Amino acid sequence: MEKQNRSGTTGKAIRCKAAVCRNPGEPLVIEEIMVDPPKAWEIRIKILCTSLCHSDVTFWKISTGPFALFPRIFGHEAVGVVESVGEHVEEFQEGDMVVPVFHPNCRECRDCKSQKGNGCSIFGDKLVAEMPRDGTSRFKGMNGETLHHFLSVSSFSEYTVVDVVHVVKISSEFPAEKACLLSCGISTGIGAAWKVADIEEGSTVAIFGLGAVGLAVAEGARLRGASKIIGVDLNQEKFEIGKKFGVSDFINPTTCGEKKVSEVIKEITDGGVDYSFECIGLASLMEDAFNSSRVNWGKTVILGVEMHRTPLAIDTYFLLRGRTVTGCFFGGLKAKSDIPILAQKYLHKEINLDGFITHEVNFQDINNAFDLLLKGKSLRCIIWMD
């Protein structure tokens with residue numbers, strides 16, 4: 001049986017506001033929608049605040065193919081409070097503060113139980129457009145039309161329904177806007193530095209792309225005691241921003257003349273970096289990142305999503321010499337166990353989350369967040385629902 005909540009909305013559809021994207025690349029429209037009650041193994045969340053990630057913008061632009069689903073409610077970085085729970089939900093109860101996460105963690109399958117990776121063999125094999133268990137939507141427009149979900153979260157709505165495998169409980173004392181950051185990008189970058197690369201003290205690091213994810217990699221490398229953190233970005237202003245997160249050197253590819261970025265990196269590191277990270281999602285930059293790593297042991301970590309599915313071309317001889325390349329989803333983190341650890345480190349003043357928040361807007365002004373990100377002026381813009 002579903003548990004009765006104080007507001008009396010359990011088991012009933014809730015009417016609320018959402019920022020709906022009706023056509024690719026168009027401004028979102030604040031509309032009244034209906035949010036169905038949670039089904040089994042689902043919870044309904046009242047969103048406190050959300051933020052805009054590059055992945056939202058990437059999918060917002062897509063006009064053709066299987067990922068072009070409209071009308072749609074975007075958003076996947078958020079924090080909220082549990083409003084009601086569906087059947088079989090024991091992990092959460094009304095009033096819990098929670099962080100929804102696009103990457104599932106069921107804790108029951110072989111992959112979730114393994115320490116070798118952070119995949120989920122039951123829910124993590126594909127990006128579903130609706131709810132993961134039954135493939136249906138919990139959102140409807142006021143005329144009854146179906147509104148599509150996004151990355152199992154859809155946080156650009158005052159209320160959303162999320163499967164329990166995509167939710168992490170967090171202390172109610174944790175600042176909401178900082179909790180929001182742990183939902184995707186910042187956790188991805190820090191996790192890549194700590195869990196996937198496992199950077200050691202004194203290591204040299206190169207980061208291709210100094211957006212929020214790349215700067216989070218820098219923060220992770222800084223905390224691990226990296227001796228040199230090289231940022232690579234076309235935006236010269238990113239160097240000053242990067243210094244707050246430990247970036248010690250900066251390369252703007254447009255100022256390298258005839259030299260390749262990898263050649264410059266090899267010159268300033270005496271042969272290449274120990275760890276190289278690609279945080280943009282371009283096969284050409286992945287090759288540059290690989291070629292910037294040290295011959296005998298350099299490790300390249302791919303965080304960017306190559307939306308064109310362009311193959312990666314690397315000289316296999318360098319693999320024989322000892323270089324490695326690996327990819328990672330959500331920074332190799334297992335959400336339910338690792339996000340609480342990151343939260344504790346922030347409370348202990350070990351992690352700089354504050355520096356990632358560059359702007360804050362009200363929900364009605366959500367399109368301003370898109371403008372800021374598209375112009376390269378923001379790292380994370382917090383969007384407050386109330």
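Would you mind telling me the share, in percent, of accessible area of segment 15-148 contributed by carbon and sulfur at probe 1.4 angstrom?
50
Of GLY86, GLY11, GLY331, which has the largest mean-square fluctuation in a 10 Å C-alpha GNM of the chain?
Of the options given, GLY11 has the highest mean-square fluctuation.
Go through segment 370-386 residue by residue and turn each phi into a ³J(HN,Hα) via Karplus (6.51, -1.76, 1.60, θ = phi - 60°); whole Hz please, and just put x for glycine and proline.
Those phi angles translate into 4, 4, 4, 6, 5, 8, x, 9, 10, 8, 9, 9, 7, 10, 8, 6, 10 Hz.
Net charge around SER154, counting only other residues with Cβ within less than 14 Å of its Cβ (Lys, Arg = +1; Asp, Glu = -1)?
That sum, taken over residues with Cβ under 14 Å, equals -2.
Just want the answer: with Cβ charges of +1 for Lys and Arg and -1 for Asp and Glu, which residue in GLY272, PHE139, PHE370 is farthest toward the dipole's positive end in the chain?
So the residue we want is GLY272.
Just how far, in whole angstrom, is segment 263-308 from segment 66-131 if you go by their alpha carbon centroids?
Rounded to whole Å, the Cα centres lie 31 Å apart.
At 222 nm, what value in deg cm²/dmol follows for the chain if DSSP H runs of at least 4 each add -39500 (n - 2.57) and the sum is divided by all its residues, to the nearest 500?
-6000 deg cm²/dmol
With viscosity set to 1.306 mPa s at 10 °C, what whole-number translational diffusion coefficient in µm²/s follows for segment 186-331 from Stokes-Einstein and a Kirkwood radius over Cα pairs? Don't skip to the answer; put the middle values down first.
Details: Rh = 14.6 Å.
D = 109 µm²/s.
State the Cα centre-to-centre distance between segment 2-65 and segment 135-179 in whole Å.
5
Efficiency by 1/(1 + (r/R0)^6): what FRET value for LYS375 and LYS259, r their Cβ-Cβ distance, R0 = 25 Å, to the nearest 0.05?
Numbers: r = 29 Å, r/R0 = 1.17.
That pair, LYS375 with LYS259, gives E of 0.30.
How about segment 98-199: which trypsin sites (Lys or Arg not before Pro) there are in a DSSP loop, with at most 13 other Cβ atoms within 10 Å of their Cβ?
Answer by residue number: LYS116, LYS126.
Which listed residue (CYS180, SER157, ALA18) has the Cα farthest towards the positive end of the charge dipole for the chain, taking +1 on Lys and Arg C-beta and -1 on Asp and Glu C-beta about the Cα centre?
Going by the charge dipole, the pick is CYS180.
With a sphere of radius 15 Å drawn around the Cβ of HIS166, what net charge do the other residues whose Cβ falls strictly inside it have (Lys, Arg +1; Asp, Glu -1)?
-1
Spin-label point model (7 Å from Cα, Cβ direction): what's the GLU200 to LYS169 distance in nm?
3.9
Give the label of the value calculated from the structure for Rg and Dmax of the Cα atoms in Å, choosing from (1) 24.2, 83; (2) 22.1, 80; (3) 20.9, 68.
Matching entry in (1) 24.2, 83; (2) 22.1, 80; (3) 20.9, 68: (3).
Using a Förster distance of 41 angstrom, determine the FRET efficiency expected from the C-beta separation of MET142 and THR310, and round it to 0.05.
Values: r = 42 Å, r/R0 = 1.02.
The calculated FRET efficiency here is 0.45.
Report, by chain and number, residues whose modeled amide H sits under 5 Å from the one on LEU147, excluding near sequence neighbours (fewer than 5 apart, same chain).
PHE139, LYS140, GLY141
Filter the GluC sites (Glu not before Pro) in segment 147-218 down to the DSSP loop ones having no more than 16 other Cβ atoms within 10 Å, then list what survives.
Answer in residue order: GLU173, GLU200, GLU201.
Would you mind computing, in nm to one decimal, how far apart the modelled labels at ASN252 and ASP386 are, each placed 7 Å from Cα along Cα→Cβ?
4.5
Along segment 83-92, what does the Karplus equation 6.51 cos²θ - 1.76 cosθ + 1.60 (θ = phi - 60°) give for ³J(HN,Hα), rounded to whole Hz, x for Gly and Pro?
For segment 83-92, the Karplus curve yields 8, 7, 10, x, 4, 6, 8, 10, 6, 10 Hz.
As a test of reading the structure, rank GLU94, GLU306 by solvent-accessible area (1.4 Å probe, protein chains only), most first. Could you put the intermediate results ahead of the total?
Values: GLU94 60, GLU306 30 Å².
In descending accessible area the options line up as GLU94, GLU306.
Could you calculate the contour length gain from THR324 to LEU282, that is, 0.36 nm times the residue separation minus the distance between their Cα atoms, to one decimal place in nm?
13.3 nm
Charges at C-beta only: +1 for Lys and Arg, -1 for Asp and Glu. How large is the resulting dipole of the chain about its Cα centre, in Debye rounded to 20?
Around 420 debye, computed over the chain.
First compute the accessible area of segment 186-331 with a 1.4 Å probe, then give the percent of it belonging to carbon and sulfur atoms.
Carbon and sulfur: 52 percent of the exposed surface of segment 186-331.
Suppose every K and R has +1 on its Cβ and every D and E has -1 on its Cβ; what is the size of the dipole of segment 186-331 about the Cα centre, in Debye to the nearest 20?
220
Accessible area per residue of the chain at 1.4 Å probe, in Å²?
Numbers: 16700 Å² over 386 residues.
Normalised by residue count, the accessible surface of the chain is 43 Å².
Give me the angle, in degrees from 0 to 90, between the Cα long axis of helix 212-223 and the longest principal axis of the Cα atoms of the chain, rounded to the nearest 10.
60
In the chain, with Lys and Arg counted as +1 and Asp and Glu as -1 at Cβ, which of these residues, ASN296, HIS348, GLY124, has the Cα nearest the positive end of the dipole, that is, farthest along it?
The one lying farthest along the dipole's positive direction is ASN296.
The values are calculated or read from the model by the stated rules, or taken from the named source; none is laboratory data. As the structure is a prediction and not an experimental result, all values here were calculated from the model. Note: ideal-geometry Cβ built from the backbone for every residue, glycine included; neighbour counts use all protein chains shown. Just so you know, the surface numbers come from the protein's heavy atoms only, side chains and all, with ligands and any DNA or RNA stripped out. Shrake-Rupley method; radii C 1.70, N 1.55, O 1.52, S 1.80 Å.
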